[in-house]
Ligand code: PMP
């Protein structure tokens, strides 16, 4: 067989850990085992019917050709209106790009701007694709740890300490995958103070979970708090999470015209444009009735509460209540060092995840994959019956562990 030589850039990255965890769970399920899968990062609801109908209408109208590289004028107008209506932000069409998902917007931004060794600050716990997309584009991810006591958020002090002359971007993801942290107005204002001291640092503001929030009321947008940072901020958002459109692959970015133009060139020379049908569907979603979003968030909130109530009864797990997004990020440090009924010591969260899957048929993702060991991530976008069964398996699995006095002490501390 011919020997495949990987490019340097491809050899720097691996399969996304949630995809890998899902594949392991599916392989086990295919062998006949019962597996509760809590790895997914996508809504379990179907795309609303009105959005599907808009896509069908676009097909019938012959909307089947290449579109402008940055997206159709119609969709960019709809995005512009969304930003005015929901965020009180004013963007011209040439400040907006549509790509094959929010992920592709981020990829284009790094492909367009990073030079060898440029640093990108990635607050941990992070969505694993952030550092991967930095690395494949020749940048250096600089991860910044956070603490549960700080709600897993970046602080002005940790941000200041991470900035160097080579820093090009700070990634801010709120609500966050995996922690569910949502930055408050005063926290964003305090980060903005630091950023003003470092005019060479740009902000990649990933708001893909903007609508998936469990607190009440509206939140002021970062760029309403710090409008002076708009000329170095890229907003990233998309269709996947609010409208249950993960498979449609359509997302968007809004930022300075020069940046958007550079990203558009990258896109035009790689994918040409996102799919015409996906774009028509997102335009309809943004302009249509938003009741689906509120109803799905209410369902996610109930599931979050179900999980939190269950965690409260399990000795050895701690969870900062997620304020948004799709996940519970659970501190399992009290279980590290515990011994399974088979006599195996759980030396890390990765071992715990393997134990949960193989001995108890529960698939979750290890915190190490998100740059934060001693944690596991459970998805809450599953049927409530599945969630209930999943946390029951977690409780049984933990009860079966033998914990040394040391691990018990850590827990008591
Ligand atoms: N940002 C974050 C933090 C995410 O979790 C995801 C999806 N997992 C995305 C961006 C990208 O979503 P999409 O490409 O489907 O728009």
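The values are calculated or read from the model by the stated rules, or taken from the named source; none is laboratory data. From a predicted model like this one, the values you see are computed outputs, not experimental measurements. Note that each Cβ is placed from the backbone with ideal geometry, even for glycine, and that neighbours are counted across all protein chains shown.
Quick look at the numbers
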{"item": "Candidate set: the stretch 114-131, residues that are buried (at least 20 other Cβ atoms within 10 Å of the Cβ) and in a helix (DSSP H, G or I); chosen: the one nearest to the ligand (Cβ to nearest atom)", "result": "130"}
{"item": "Residue in the stretch 223-235 that is part of a helix (DSSP H, G or I) and farther than 23 Å from residue 113 by Cβ present", "result": "yes"}
{"item": "Selected residue [within 14 Å of the ligand (Cβ to nearest atom), touching a strand residue (DSSP E or B) at 6+ places or on another chain (Cβ under 8 Å) and either more than 30 Å from residue 393 (Cβ to Cβ) or outside the structural domain of residue 397 (by TED's automatic domain parsing) (or both)] from 242, 274", "result": "274"}
{"item": "Checking residue 264 against (1) crowded, with 20+ Cβ neighbours inside 10 Å; (2) away from the ligand (no atom under 15 Å from the Cβ); (3) over 24 Å from residue 201 (Cβ atoms), the condition it does not meet", "result": "(3)"}
{"item": "Leading residue by the ranking (surrounded by the most Cβ atoms within 10 Å (Cβ to Cβ)) among those in the stretch 132-155 that are within 15 Å of the ligand (Cβ to nearest atom) and within 29 Å of residue 281 (Cβ to Cβ)", "result": "133"}
{"item": "The listed residue being within 21 Å of the chain's Cα centre (by Cα) and modelled with pLDDT of 95 or more, out of 71, 41, 100", "result": "100"}
{"item": "Residues of the stretch 245-260 that turn out to be assigned to a strand (DSSP E or B) and near the ligand (Cβ under 7 Å from one of its atoms), as a count", "result": "1"}
{"item": "Selection count, the stretch 15-41, where residues are without any contact (Cβ under 8 Å) to a residue 40 or more places away in the chain, in a loop (DSSP other than H, G, I, E, B) and more than 16 Å from the ligand (Cβ to nearest atom)", "result": "2"}
{"item": "Options 377, 402, 318, 301; residue that is farther than 28 Å from residue 123 by Cα and in contact (Cβ under 8 Å) with a residue 24 or more places away in the chain", "result": "402"}
{"item": "Qualifying positions in the stretch 189-222 - crowded, with 22+ Cβ neighbours inside 10 Å and in a helix (DSSP H, G or I)", "result": "191, 195, 222"}
{"item": "Set 74, 44, 81: member being farther than 19 Å from residue 280 by Cα and either part of a helix (DSSP H, G or I) or within 16 Å of the ligand (Cβ to nearest atom) (or both)", "result": "44"}
{"item": "Lone qualifier among 199, 175 - being within 16 Å of the ligand (Cβ to nearest atom) and outside the structural domain of residue 296 (by TED's automatic domain parsing)", "result": "175"}
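Residue-by-condition table, conditions (1) out of contact with any helix residue (DSSP H, G or I) (no Cβ under 8 Å at 6 or more places or on another chain); (2) exposed (fewer than 13 other Cβ atoms within 10 Å of the Cβ):
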| site | (1), (2) |
| --- | --- |
| 25 | no, no |
| 36 | no, no |
| 40 | no, no |
| 46 | yes, yes |
| 49 | yes, yes |
| 66 | no, yes |
